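**Q** I'd like to ask some things about the structure below.
The values are calculated or read from the model by the stated rules, or taken from the named source; none is laboratory data. Not measured: the values here are computed from a predicted model. Here the Cβ is made from the backbone with ideal geometry for all residues, glycine too, and neighbour counts use every protein chain on show. Areas reflect the complete protein model, heavy atoms only, side chains present, ligands, DNA and RNA absent. Shrake-Rupley method; radii C 1.70, N 1.55, O 1.52, S 1.80 Å.
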Amino acid sequence: MLAGPKKIGKSTFIGNLIRCLVDGTAFLDMFTTTPVARVVLIDVEHDPRTLRRWLREQGIANTDR
């Protein structure tokens, strides 16, 4: 769970983590990751269209994961 005040960067942080986990890139340009087969995001705060747009902006290569 990641919680915090509005506009602090929670969605950006999560989007970066998801990209790193599915693409196998370094998390926060610091922590080595190994690609995983699947990631599930449960977000009860945002509209699904907004989440898709934010995740697209992350540049995730392996969107099938």
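**Q** Which order, highest average first, do 58-64, 47-53 follow once you tally other Cβ atoms within 10 Å for each residue and take the mean per peptide?
**A** Ranking the peptides 58-64, 47-53 by packing returns 58-64, 47-53.
**Q** Rounded to whole Hz and in sequence order, give me ³J(HN,Hα) for the range 6-21 from the Karplus expression 6.51 cos²θ - 1.76 cosθ + 1.60, θ = phi - 60°, writing x for Gly and Pro.
**A** Listing the rounded values in order: 4, 6, 8, x, 4, 5, 5, 4, 5, x, 5, 4, 4, 4, 5, 5 Hz.
**Q** Could you provide, to the nearest whole Å², the per residue accessible area of the chain with probe 1.4 Å?
**A** Roughly 79 Å² per residue, with all protein chains present.
**Q** What list of ³J(HN,Hα) values in whole Hz, one per residue of the range 22-33 in order, does the Karplus curve 6.51 cos²θ - 1.76 cosθ + 1.60 (θ = phi - 60°) give from phi, with Gly and Pro shown as x?
**A** 8, 9, x, 9, 5, 6, 6, 6, 9, 10, 5, 10
**Q** On the accessible surface of the chain, probed at 1.4 Å, how many percent belong to carbon and sulfur atoms?
**A** 57 percent
**Q** To continue, here is another question. If you plug each phi of the range 47-55 into the Karplus form 6.51 cos²θ - 1.76 cosθ + 1.60 with θ = phi - 60°, what whole-Hz ³J(HN,Hα) values come out, in order, with x for Gly and Pro?
**A** Ordered by residue, 3J(HN,Hα) equals 5, x, 5, 5, 4, 4, 4, 4, 5 Hz.
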